[in-house]
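The values are calculated or read from the model by the stated rules, or taken from the named source; none is laboratory data. This one's a predicted model, so the numbers in the text were calculated from it and none came from an experiment. Quick reminder, even Gly has a Cβ in these numbers, built from the backbone with ideal geometry, and neighbours come from all protein chains shown.
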Amino acid sequence: MGSADVVPGVSGGTVALIVGIYPRLIDNVRTGAGVLGSFVRLRFSDGFERLRSIEWSFVLPLLAGIGVALVSLARIIEHLLEEYPVEMSALFFGLVTASVFVAWNMVSRWDPLRLATFGLVAVAAFFVLGLRSGEAESPAGWIFFVAGAVAICAMILPGVSGSFLLLMLGMYEAVLGAVNDRDLLVLVVFVVGAVIGLALFSSALHWALESHHDLVMAAITGLLLGSLRVLWPWPNGIDGPELSGPIADQFAAPFLLAVVGAGLVYVITRLSAKSELSVD
């Protein structure tokens with residue numbers, strides 16, 4: 001999940017979906033949001049009770065893995081994206097394409113409403129993700145708060161990455177600059193926005209999955225399909241907002257890498273299914 005969140009077109013939520021931990025992730029994030037709400041209302045006993053109910057044996061290894069990936073792999077992935085944009089885009093294109101089928105199979109029954117939701121969300125995502133905003137110059141502090149609240153939603157929403165949402169908001173370079181410059185005040189504002197945004201969005205998403213699981217999964221499937229626009233390798237990988245056909249002498253390697261990405265998803269989902277069967 002940490003590696004995926006570095007890539008502007010891939011969401012950590014997509015990885016959670018692939019490996020079969022998505023429902024547990026949403027449930028624990030929602031419980032964490034309840035802890036925050038209790039502490040804000042000064043209900044400390046209720047907050048500590050909720051805190052104990054968090055599945056720490058799941059959350060702590062997950063956070064550790066995300067942290068290790070961000071520290072150790074972020075620079076490598078960013079270098080590969082800069083040096084080999086077409087090839088890397090193709091690899092992630094195959095990964096997300098296979099993820100569409102994973103999400104599709106999570107819908108127990110496809111009826112006209114769910115198919116319509118899938119189609120509408122896919123088309124809307126395709127056009128919306130084609131929009132790019134110019135980079136904001138000297139943004140105010142409250143804009144970092146809003147950027148944090150919006151971008152963090154991608155961590156638990158398959159199909160859109162936080163990095164790409166920051167690109168759409170024109171805040172990617174500003175946030176990256178704050179990290180590189182160790183601007184603690186700006187980073188604290190960004191993190192506070194992220195915490196509040198995650199608390200609100202996770203609670204809403206948990207309710208939606210509990211009440212309308214198949215409809216929400218149909219929407220997520222459409223979002224994954226529409227998000228493939230961001231990862232289309234040509235003309236310039238993830239950085240190219242315009243779409244074009246493949247270049248003849250650059251087709252073989254990207255195609256093979258797309259197959260590798262899809263195959264990786266297939267292997268992971270099979271291993272995850274076997275692991276769940278062994279636990280049962």
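A few comments on the model shown:
- Here Val15, Val10 are screened, and the one residue that is closer than 30 Å to Trp234 by Cα and not in a helix (DSSP H, G or I) is Val10.
- Of the residues screened, Phe201 is one that is without any contact (Cβ under 8 Å) to a residue 60 or more places away in the chain and over 16 Å from Pro139 (Cβ atoms).
- Failed criterion for Pro112 (all others in (1) modelled with pLDDT under 90; (2) farther than 15 Å from Met217 by Cβ; (3) of a type outside the set (A, V, I, L, M, F, W, C) hold): (1)
- Number of the exception - Leu42 against (1) under 15 Å from Leu228 (Cα atoms); (2) free of Cβ contacts under 8 Å to residues at least 24 places away in the same chain; (3) not in a helix (DSSP H, G or I): (1)
- Check on Ile76, free of Cβ contacts under 8 Å to residues at least 60 places away in the same chain, among the β-branched types (Val, Ile, Thr), out of contact with any Gly (no Cβ under 8 Å at 6 or more places or on another chain) and surrounded by 11 or more Cβ atoms within 10 Å (Cβ to Cβ): yes
- Just so you know, in the range 146-203 the residues that are modelled with pLDDT under 80 and among the hydroxyl-bearing types (Ser, Thr, Tyr) include one that is nearest to Tyr22 (Cα to Cα), and it is Ser161.
- Out of Val6, Val19, Val29, sole residue that is within 16 Å of the chain's Cα centre (by Cα), within 23 Å of Tyr266 (Cα to Cα) and crowded, with 19+ Cβ neighbours inside 10 Å: Val6
- Evaluated against (1) modelled with pLDDT of 85 or more; (2) under 17 Å from the mean Cα position of the chain (by Cα), His206 falls short on exactly one condition, (1).
- Residue in the range 189-198 that is aliphatic (A, V, I, L, M), touching a residue at least 24 places away in the same chain (Cβ under 8 Å), surrounded by 18 or more Cβ atoms within 10 Å (Cβ to Cβ) and in contact with a Pro (Cβ under 8 Å, 6 or more places away or on another chain) present: no
- A single member of Asp214, Asp239 is within 25 Å of Leu129 (Cα to Cα), of a type in the set (Asp, Glu) and modelled with pLDDT of 80 or more, and it is Asp214.
- Screening the range 202-233 for residues that are farther than 18 Å from Ile152 by Cα and among the polar types (S, T, N, Q) and picking the one that is surrounded by the fewest Cβ atoms within 10 Å (Cβ to Cβ) gives Ser211.
- Selection status of Gly34, part of a loop (DSSP other than H, G, I, E, B), surrounded by 16 or more Cβ atoms within 10 Å (Cβ to Cβ) and in contact with a helix residue (DSSP H, G or I) (Cβ under 8 Å, 6 or more places away or on another chain): no
- Whenever a residue of the range 83-103 is over 16 Å from Arg229 (Cβ atoms), its partners that are not in a helix (DSSP H, G or I), lying with C-beta atoms within less than 7 angstrom and at least six residues away or across chains, give the pairs Ala103/Pro158.
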